Amino acid sequence: MAAELVSIKSGKQGNLLLVDDDPNVVAILQEMLDDGQYNLISAYSVAEALSIIRRQNISMILTDLMLGDGTGVEILQEAKRLHPDSQIILMTGRPTIQNAVDVIKEGAYDYLVKPFGIERVRMTIERAAEKIRLEQENIKLKEMMSFYQISEAMGSIIDLDALLGLILKTAIKEYEADCAAIFLAKEDTLELGLRLAIGFEESEFGKMVMEHCQDISKQTVAKAASMIRNDPEIEFDWGERTIKSSMCQLLMVKGKILGTISIVRYNNNHIFTSGQLSGLALLGSKAATAVENFNLYEDLRKTYISTVEALANAVEARDSYTRGHTERVYLLSCAIAEELGWSPDQFNDLKIGALLHDFGKIGVPDCILNKPGPLTPAEAEIMKKHSAAGAKMVESIPFLKPALPYILYHHERHDGKGYPMGLAGDDIPLPGRLLAVVDTIDAMTSDRPYRKGRPIAIAMEEIARYSGSQFSPVVVDACLAAYRKGKINFLFQ
Ligand SMILES: [Fe+2]
């Protein structure tokens with residue numbers, strides 16, 4: 001079966017299908033209803049009516065109950081399957097209570113008894129139209145509530161995957177889908193890569209559904225147009241399970257294609273409608289904004305990391321003894337932070353903090369900073385000012401603030417004998433406690449003009465010896481665990 005595209009409503013209130021095997025009845029109805037409200041379409045058999053509703057979007061159907069080649073109930077069932085929002089009114093010349101009950105049970109809106117007057121027909125159609133309108137309002141309201149929740153989340157969730165996950169879950173819930181996926185396009189080639197998928201089974205069937213999503217996403221990007229696909233070609237036997245309907249929307253911002261959002265229904269009887277495709281467009285626009293914001297944020301973050309690296313290099317360029325120190329400090333800190341189970345956000349702050357922890361040395365005179373021998377007590381006092389001075393320099397720059405605890409507290413000691421504030425134990429923020437250990441390891445293992453650097457194994461013994469006095473036991477334990485796992489040795493080879 002070929003892919004089927006659903007057309008957009010053509011009349012003011014959509015298409016109204018009139019079905020009767022008596023052409024006179026159809027002609028009378030056409031005359032009665034020819035007021036421009038609906039685009040009127042006629043059919044004279046069940047087969048003809050089914051062919052029309054499979055090709056076009058239909059808002060309402062007025063059909064005879066008994067037709068030459070079948071019953072109006074067959075038309076009703078197919079219309080409800082393909083166009084769940086449509087309303088169907090049955091007509092008959094031979095009414096029975098049982099007939100009326102049966103058709104209403106099947107989902108018909110009403111039941112008209114022939115012969116009928118113009119007022120009765122118009123009134124029934126108007127009430128059915130009102131029901132359609134109210135149901136659509138209700139759907140819109142529900143959609144708006146979901147969109148509102150997503151908009152709220154966009155203001156508070158920075159994690160792109162968490163936001164996209166919320167959007168996919170909303171799409172699955174709102175449109176009674178089984179699975180949903182977002183593909184993002186490469187900026188230059190528009191090549192698609194899966195960013196997030198929800199509801200896909202880990203089975204051969206799940207793999208095929210994913211390939212289907214990829215396929216409709218590629219087509220959507222190639223045509224730069226959204227689509228609904230019903231009953232796609234089945235390339236191999238999926239047994240009981242099959243894809244009933246799927247739809248795909250472009251993620252676009254200011255004319256730029258960022259990717260696609262696609263959702264799939266398996267064995268559900270209903271296929272997606274053009275109204276639902278429009279709803280998915282709204283969800284897609286939220287996803288596109290989230291992706292665009294994330295990209296802008298990432299660009300900004302990269303620029304800002306380069307600025308921080310330039311600042312760190314400026315300090316290192318002045319201090320000839322600590323070349324490569326900040327990079328080693330960063331890598332060593334990462335190994336310990338991993339053992340402490342830090343979050344991605346904490347790792348981001350750690351990068352800036354490790355790079356800038358000695359930023360205050362920029363204010364220490366060259367003769368002290370580059371002195372080839374040990375410092376005099378007076379010189380040491382000047383050197384000690386670098387942590388507070390560095391903190392003062394960055395505290396007024398919002399994007400450097402995460403570095404503050406690293407800069408200010410990395411010379412504090414667990415026993416309270418450190419500087420600049422003499423804090424003790426857990427009063428010292430964890431970034432400071434972490435960096436105190438790392439800074440010491442790097443200093444011990446680095447060569448100085450007046451002494452050779454010691455092996456990392458010796459540095460580890462020293463760190464362990466001073467756990468609970470100079471260093472925080474929590475950090476020392478994490479450091480020794482990382483060392484035992486081989487995460488530290490390679491930095492000192
Ligand atoms: Fe320092």
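Search the range 113-138 for residues that are in the same structural domain as Val103 (by TED's automatic domain parsing) and surrounded by 14 or more Cβ atoms within 10 Å (Cβ to Cβ) and pair each with any residue that is assigned to a helix (DSSP H, G or I) and at pLDDT 85 or above when their beta-carbon atoms are under 8 Å apart and the residues are at least 6 apart or on different chains.
Lys114/Val25; Val121/Leu29; Val121/Met32; Val121/Leu33; Arg122/Met32; Arg122/Leu33; Ile125/Leu33
Hey, among Val394, Val438, Val364, which residue is of a type outside the set (S, T, N, Q) and at pLDDT 95 or above?
Step by step, each of Val394, Val438, Val364 is checked, and only Val438 is of a type outside the set (S, T, N, Q) and at pLDDT 95 or above.
Working carefully through the options Leu250, Leu296, Leu258, find the one that is surrounded by fewer than 17 Cβ atoms within 10 Å (Cβ to Cβ) and among the hydrophobic types (A, V, I, L, M, F, W, C).
Just a single option satisfies the conditions, and that option is Leu296.
When only residues in the range 386-415 that are more than 41 Å from the chain's Cα centre (by Cα) and crowded, with 17+ Cβ neighbours inside 10 Å count, which is farthest from the ligand (Cβ to nearest atom)?
By that ranking, first place goes to His414.
Starting from the range 90-102, keep only residues that are over 8 Å from Leu65 (Cβ atoms), then list their pairs with residues that are surrounded by 17 or more Cβ atoms within 10 Å (Cβ to Cβ) and not charged (D, E, K, R) whose Cβ atoms are within a distance under 6 Å, requiring at least 6 positions of separation or different chains.
Sorted first by the residue in the range 90-102, then by its partner, the pairs are Ala100/Tyr111.
Given the criteria open to solvent by 50 Å² or more (accessible area, probe 1.4 Å), out of contact with any strand residue (DSSP E or B) (no Cβ under 6 Å at 6 or more places or on another chain) and more than 22 Å from Asn138 (Cα to Cα), does Glu78 qualify?
no
Considering only the range 28-49, state which residues are under 18 Å from Gly72 (Cα atoms) and either touching a Pro at 6+ places or on another chain (Cβ under 9 Å) or assigned to a helix (DSSP H, G or I) (or both).
Leu29, Ser42, Tyr44, Val46, Ala47, Glu48, Ala49
Output the residues belonging to the range 448-467 that are open to solvent by less than 40 Å² (accessible area, probe 1.4 Å) and in a loop (DSSP other than H, G, I, E, B).
Gly453
I'm trying to understand the selection: among the residues of the range 321-374, which are within 16 Å of the ligand (Cβ to nearest atom), among the small types (Gly, Ala, Ser) and open to solvent by 50 Å² or more (accessible area, probe 1.4 Å)?
Answer for the range 321-374, where residues must be within 16 Å of the ligand (Cβ to nearest atom), among the small types (Gly, Ala, Ser) and open to solvent by 50 Å² or more (accessible area, probe 1.4 Å): just Gly363.
Of Glu204, Glu174, Glu187, which residue is in the same structural domain as Gln249 (by TED's automatic domain parsing), over 22 Å from the mean Cα position of the chain (by Cα) and not hydroxyl-bearing (Ser, Thr, Tyr)?
Glu204
State which residue pairs qualify: first residue among the aromatic types (Phe, Trp, Tyr) and inside the range 23-52, second residue surrounded by 17 or more Cβ atoms within 10 Å (Cβ to Cβ) and outside any loop (DSSP other than H, G, I, E, B) in any location, beta carbons under 8 Å apart, and separation of 6 or more residues or different chains.
Close Cβ pairs satisfying both conditions: Tyr38/Asn15; Tyr38/Leu16; Tyr38/Met60; Tyr44/Val19; Tyr44/Val26.
The values are calculated or read from the model by the stated rules, or taken from the named source; none is laboratory data. From a predicted model like this one, the values you see are computed outputs, not experimental measurements. Methodologically, a virtual Cβ is constructed for each residue, glycine included, from the backbone with ideal geometry; neighbour enumeration extends over all protein chains shown. For the accessible areas, the whole protein counts, side chains as well, though only heavy atoms, and no ligand, DNA or RNA atoms are used. Shrake-Rupley method; radii C 1.70, N 1.55, O 1.52, S 1.80 Å.
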